[in-house]
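The next block holds one structure in the form of structure tokens; read it before the comments.
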Amino acid sequence: MMLAFIRRIGAFVPILLVCCLSLSACVYFNTFYNAKKFYRKAEKERVKHEEAYAGWAFDGAGPELQRQRSNQADQFYDKAARKASKVLEKYKESDLVDDAMFLMGKSFYWRGEYLRSVQSFRDLETNFPASEFFDEARYWRAQGLEAQRIYNQAQKLYRTLVEEAEEEIAVRAGLRLGEMAFEREDYVAAIQEFRTVLEAFPASGDRAQLWLRLAEAQMALQDEARLGDALQSFRNVLQADPNPDQEYRARLNSGRALYALGEEEEALETYVELLKEGRFRNFEGRTRLLIGESYEERRLLEQALDEYGQVRDDFPTTPSSAMALYRTGLLHLQEYGDTELAREYFQETNSESPGSQGVLLAQEMLTYLGRLQQLQARVHRADSLYADSLGAIQGPLVWSEGWVPAEVDSTTKDEIVVARNIEVLDDLFSACEIYRDDIGQADSAIAYYQEVIRRFPESDQLPRAVFSIAWIYREIGNDESAAGPYLARLIEDFPASAQANEARYLLGEEARVTAEELAATEFERIERLRLQEPENIYAYAPLLDSLSQAFSGTVAGARAAFLAATSYENIVGDTLEAERRYRLLGEEYAETEFGKLAIERKRVREEGLIAKLERSLKSVGGQFGPGERIELLALEPDTLDSVSLARKHLGFAQRAQRRGDIKMARDFYEQSIDEQFNNPRSLYQLGNIAWEEGYSDDAIEFYRQALAFDKANLSLYYRLWKVFTVAAEEDSANHYLREVVRRDRGSPQIRFLQEEFPDFYAAEDQEDLDLEQLEGLALMMPEDKIEWQEKDMPLSDWPLVRELVRPVYPVGGFDSTEVLLDVLIDREGRPESVEVFRGEEPFASNAVAAAYDYVFYPAVRNNGVEIKAWVELTVPFGPQSGEDSARAPRVDSEAEVNGGIDMAAGETSSIADATDGASLEGALIDGGGIGDAEGRADFAPADSSRIDGDAAGAAVVEEGEGI
């Protein structure tokens with residue numbers, strides 16, 4: 001009986017084994033099936049999002065729009081990657097491992113986790129060379145490298161695929177090569193890449209896209225001779241079975257090409273034909289915008305406004321309507337000069353299509369208008385205070401013939417005055433540049449430049465203002481006759497200025513040596529003399545003094561006075577002589593960088609803060625040469641104190657955020673919070689990251705947590721007002737806006753807000769703003785400082801480069817690049833640890849080797865004790881000549897900077913001898929030659945492997961740069 005039972009059980013064992021194996025296979029298949037299901041959902045969300053937003057990319061979408069990703073898609077990609085990783089972890093022997101690796105790599109890519117994506121594809125290539133996904137994995141890996149800006153490796157991989165992969169992938173790789181060239185604006189190379197692929201694969205299914213991109217590259221050259229080729233390429237698109245989007249783009253751009261060729265009626269006819277075809281109804285808004293721009297360029301402004309208005313009426317809440325509003329506002333601003341009406345149109349774009357190009361451009365223009373208001377308010381305030389101090393009448397911000405003063409009381413003098421200090425000069429120039437370059441109001445720009453000339457007739461900046469007026473008339477107004485008197489004035493009144501040479505060039509006259517060029521040549525000669533014997537100050541200081549007096553108003557003259565001052569101060573210790581020269585800088589060269597530094601030095605001395613500027617003065621006024629730029633990241637904790645560790649993580653997080661590595665930044669901020677819960681700075685930045693990624697609820701939570709620890713952070717109130725406004729939560733938005741008004745009521749923009757809505761804050765019965773009013777506010781948020789400030793660090797002295805070492809340039813290299821290194825500086829100023837943050841091989845290894853030979857000034861605590869510190873060191877690489885590359889990477893600074901030029905120590909040729917007639921020009925030519933037709937001096941910089949920071953600012957003079 002028992003034996004029979006055992007036999008029956010035995011008969012079922014194979015079946016049980018098969019069932020167990022089937023169950024195992026079923027489990028891993030279901031896991032992978034779920035991964036694919038989440039991936040399909042993610043793809044659906046991504047495509048839906050791109051159809052809504054990215055369709056405007058080819059019309060010039062800004063970086064904010066181009067980098068937008070769907071939050072819902074991100075979540076599905078994350079789930080797909082997690083499921084796929086389970087297949088790799090638990091079922092390593094299954095036949096779906098390469099499938100899982102491929103799906104996981106793509107999921108990481110679309111989430112922006114490019115490092116993990118590249119690693120997944122590389123693992124697939126290494127472990128499954130016979131996989132059906134092998135070539136496609138290589139293509140995706142190249143895209144991951146490209147996304148990380150590792151362009152050389154990406155290009156090599158794409159080229160390998162063009163040569164080795166099957167047609168579909170080879171064509172895609174070739175297309176990317178062309179688009180990479182297009183993105184770096186090398187349109188000739190892009191044309192060649194697209195043609196190469198078309199010739200190799202003439203029947204490719206992607207040939208319509210290839211012809212389209214080829215045509216767009218030909219158009220981008222802006223060469224009239226190439227426009228015919230572009231038109232033919234657009235016709236080829238139409239014969240290559242294009243999809244509707246490709247056909248529309250080809251026909252639309254054909255119209256643009258015709259317009260560029262001067263065939264305006266035919267271009268307009270092309271646009272109108274597109275409007276007649278119902279299948280392009282979705283694109284009608286874009287087409288009408290082009291028609292409007294065509295009218296605008298032909299000065300048919302009313303017809304243009306009509307087209308923009310029809311777009312707004314027919315396609316509300318779309319990118320087209322947002323762009324139409326922006327174009328309408330811009331037309332009213334630039335053509336009719338109606339700033340307030342233009343501002344209303346710009347503000348209205350916010351309600352149309354968030355994230356679209358029209359909204360981004362309108363917000364940018366509102367920022368310029370807001371900045372302009374601030375500058376005007378500052379000048380107006382300076383004028384008001386100056387007039388009050390004299391009991392006089394305040395003059396107008398910008399003089400006009402019809403201006404009359406407002407009624408004044410009997411105690412006021414009849415004198416009309418305006419402020420004429422350096423701050424007002426800087427503000428007026430900034431306003432000029434906003435009108436000229438950003439807003440495009442040429443008449444207003446000219447009026448402000450005229451105001452600069454009226455207020456500051458003796459300023460060294462006068463040639464700059466006169467030339468700017470001439471440039472506006474010539475380049476913007478196309479009126480050479482109006483520009484003529486200003487060019488003539490430059491040549492007559494300021495013959496030795498660089499602007500006078502530009503005027504001579506424009507008028508076809510021969511360029512002359514400028515005072516700046518001659519001064520720079522003389523300074524270089526004195527500098528070579530100084531470097532031979534830097535301690536013998538009396539051999540070169542009189543020459544520096546003569547230079548600064550003979551060439552007042554030049555940058556080289558200011559540099560000479562500054563170097564003389566620092567030499568007396570640091571080498572001789574003669575503070576009286578040093579102060580005399582610093583005073584000269586502050587009085588005679590106040591408009592230069594060195595003059596401003598001298599003024600700042602005087603201020604901090606008076607406030608007892610000279611220790612904070614001591615090292616900056618030794619490093620030549622904060623001017624750092626190649627290889628000297630460092631940023632303090634963090635102090636190395638000397639104990640296991642959690643607060644110190646939190647600050648270290650915070651420092652590395654800030655750097656990652658500045659450098660655009662948001663994932664790394666988030667990780668470090670979270671680590672910082674893990675070490676110290678009371679961490680408002682990390683919480684605030686996590687809120688900013690969440691907001692920028694579209695997680696508004698998370699952003700609000702982070703901001704509120706940060707506010708619980710730091711109620712003095714003004715930016716938090718601005719951010720909370722903004723996020724609640726976007727979320728249409730009026731009560732909360734009004735609450736935080738009132739906090740902004742209370743805490744920032746001294747700023748001009750808040751004063752303007754209170755004048756516009758007097759009952760919002762100051763009234764007894766406060767009135768809330770409605771959502772439309774909240775959205776229409778163009779408040780500029782305080783600038784976030786994502787870096788350490790002096791008040792953040794308990795240091796009397798921050799680390800500085802004391803001696804630098806030039807890295808070895810790789811053999812066969814031909815490009816310039818930079819490597820970013822993280823360096824731990826010990827208490828003696830030596831590198832204890834060097835790590836690569838960003839950089840390609842072989843540059844990275846050479847940079848690390850050089851960095852270990854650097855010498856630094858270490859960080860010093862307030863109690864005078866040195867402390868280890870992490871810094872980011874920027875190591876530049878540039879192509880070298882054969883002579884340069886043969887030099888040793890590290891040499892003595894004086895011998896190297898001297899550049900092998902023997903100069904007599906007693907050389908004291910008079911500057912005055914070089915300032916009259918032919919001897920002046922001869923001195924310049926002997927010193928280094930005239931650089932170009934504009935008369936710019938072209939001096940070969942002396943080579944230096946190591947520069948000693950103690951040598952009172954010993955450095956090389958390069959075409960007007962810092963010492």
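The values are calculated or read from the model by the stated rules, or taken from the named source; none is laboratory data. Predicted model, so just to flag it, every value in this text is computed and none were measured. Please note: Cβ atoms are built from the backbone with ideal geometry, for glycine as well, and neighbour counts cover all protein chains shown.
On the stretch given as the range 518-527, residues that are of a type outside the set (Gly, Ala, Ser) and in contact with a helix residue (DSSP H, G or I) (Cβ under 6 Å, 6 or more places away or on another chain) total 5. Out of all the residues in the range 334-351, is one or more touching a residue at least 40 places away in the same chain (Cβ under 8 Å) and either of a type in the set (Ser, Thr, Tyr) or in contact with a Lys or Arg (Cβ under 8 Å, 6 or more places away or on another chain) (or both)? Yes, because at least one residue in the range 334-351 is touching a residue at least 40 places away in the same chain (Cβ under 8 Å) and either of a type in the set (Ser, Thr, Tyr) or in contact with a Lys or Arg (Cβ under 8 Å, 6 or more places away or on another chain) (or both). Six or more apart or on different chains, Cβ atoms under 6 Å: show the pairs whose first residue is in the range 154-181 and in contact (Cβ under 8 Å) with a residue 12 or more places away in the chain and whose second is among the polar types (S, T, N, Q). Close Cβ pairs (under 6 Å, with a partner that is among the polar types (S, T, N, Q)) amount to Val171/Ser204. The set of residues in the range 325-341 that are within 27 Å of the chain's Cα centre (by Cα) and either farther than 20 Å from Tyr295 by Cα or of a type in the set (Gly, Ala, Ser) (or both) contains only Gly329. The set of residues in the range 183-201 that are outside any helix (DSSP H, G or I) and either of a type in the set (Ser, Thr, Tyr) or at pLDDT 90 or above (or both) contains only Phe201. Residue count for the range 457-494 satisfying the condition of being closer than 26 Å to Ala590 by Cβ, in contact with a helix residue (DSSP H, G or I) (Cβ under 9 Å, 6 or more places away or on another chain) and not in a helix (DSSP H, G or I): 3. Close Cβ contacts (under 7 Å, 6 or more residues apart or on different chains) running from residues in the range 846-859 that are on the phi < 0 side of the Ramachandran plot to residues that are in a helix (DSSP H, G or I) comprise Tyr857/Arg615. When Gly557 is tested against (1) assigned to a loop (DSSP other than H, G, I, E, B); (2) within 25 Å of Ser459 (Cβ to Cβ), exactly one condition is not met: (1). For the range 181-192, the criterion of being within 21 Å of Arg286 (Cβ to Cβ) and surrounded by 15 or more Cβ atoms within 10 Å (Cβ to Cβ) is met by at least one residue. All told, Trp403 falls short of being closer than 22 Å to Ser459 by Cβ, modelled with pLDDT under 85 and aromatic (Phe, Trp, Tyr). In the range 182-204, the residues that are within 19 Å of Ala225 (Cα to Cα) reach residues that are aliphatic (A, V, I, L, M) and surrounded by fewer than 20 Cβ atoms within 10 Å (Cβ to Cβ) with C-beta atoms within less than 6 angstrom, at least six apart or across chains, in these pairs: Tyr187/Ala220; Tyr187/Leu221.
For the range 551-578, taking the residues that are more than 21 Å from Thr592 (Cα to Cα) and in contact (Cβ under 8 Å) with a residue 60 or more places away in the chain, the one that is surrounded by the fewest Cβ atoms within 10 Å (Cβ to Cβ) is identified as Ile571.
Matching residues to (1) among the acidic types (Asp, Glu); (2) closer than 21 Å to Asn688 by Cβ:
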residue: Ala712; (1), (2): no, yes
residue: Leu737; (1), (2): no, yes
residue: Val741; (1), (2): no, no
residue: Ala763; (1), (2): no, no
residue: Gln766; (1), (2): no, no
residue: Leu769; (1), (2): no, no
residue: Asp792; (1), (2): yes, yes
residue: Val808; (1), (2): no, no
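Residues that are free of Cβ contacts under 8 Å to residues at least 60 places away in the same chain and under 20 Å from Gln461 (Cα atoms) within the range 535-550 comprise Ser548, Gln549, listed in sequence order. The C-beta contact set for the range 81-104 (first residue at negative phi, second residue surrounded by 16 or more Cβ atoms within 10 Å (Cβ to Cβ) and in a loop (DSSP other than H, G, I, E, B), distance under 7 angstrom, 6+ apart or interchain) comprises Val87/Ser94; Val87/Leu96; Asp98/Phe128; Asp98/Ser131; Asp98/Phe133; Phe102/Phe133. Across the range 500-522, the qualifying residues are those that are in contact with a Leu (Cβ under 7 Å, 6 or more places away or on another chain) and buried (at least 24 other Cβ atoms within 10 Å of the Cβ), and the one among them that is farthest from Ser481 (Cα to Cα) is Glu522.
Exactly one residue out of Glu93, Glu136 is farther than 14 Å from Ala35 by Cα and at pLDDT 90 or above: that is Glu136. Of the helices (runs of 4 or more DSSP H) lying entirely inside the range 303-404, those carrying at least 1 residues that are in contact with a strand residue (DSSP E or B) (Cβ under 9 Å, 6 or more places away or on another chain) are 357-390. I'd like to check something: does the range 143-150 contain any residue that is basic (Lys, Arg) and either touching a helix residue (DSSP H, G or I) at 6+ places or on another chain (Cβ under 9 Å) or touching a residue at least 24 places away in the same chain (Cβ under 8 Å) (or both)? No, that holds for no residue.
Taken over the range 782-801, the residue count meeting the criterion of being at pLDDT below 80 and either of a type in the set (S, T, N, Q) or farther than 15 Å from Leu635 by Cβ (or both) is 1. Checking Leu103, Leu88, Leu115 one by one, the residue that is within 23 Å of Asn34 (Cβ to Cβ), surrounded by fewer than 18 Cβ atoms within 10 Å (Cβ to Cβ) and of a type in the set (A, V, I, L, M) is Leu88 and no other. For the range 15-31, the criterion of being under 35 Å from the mean Cα position of the chain (by Cα), at pLDDT 60 or above and exposed (fewer than 14 other Cβ atoms within 10 Å of the Cβ) is met by no residue.
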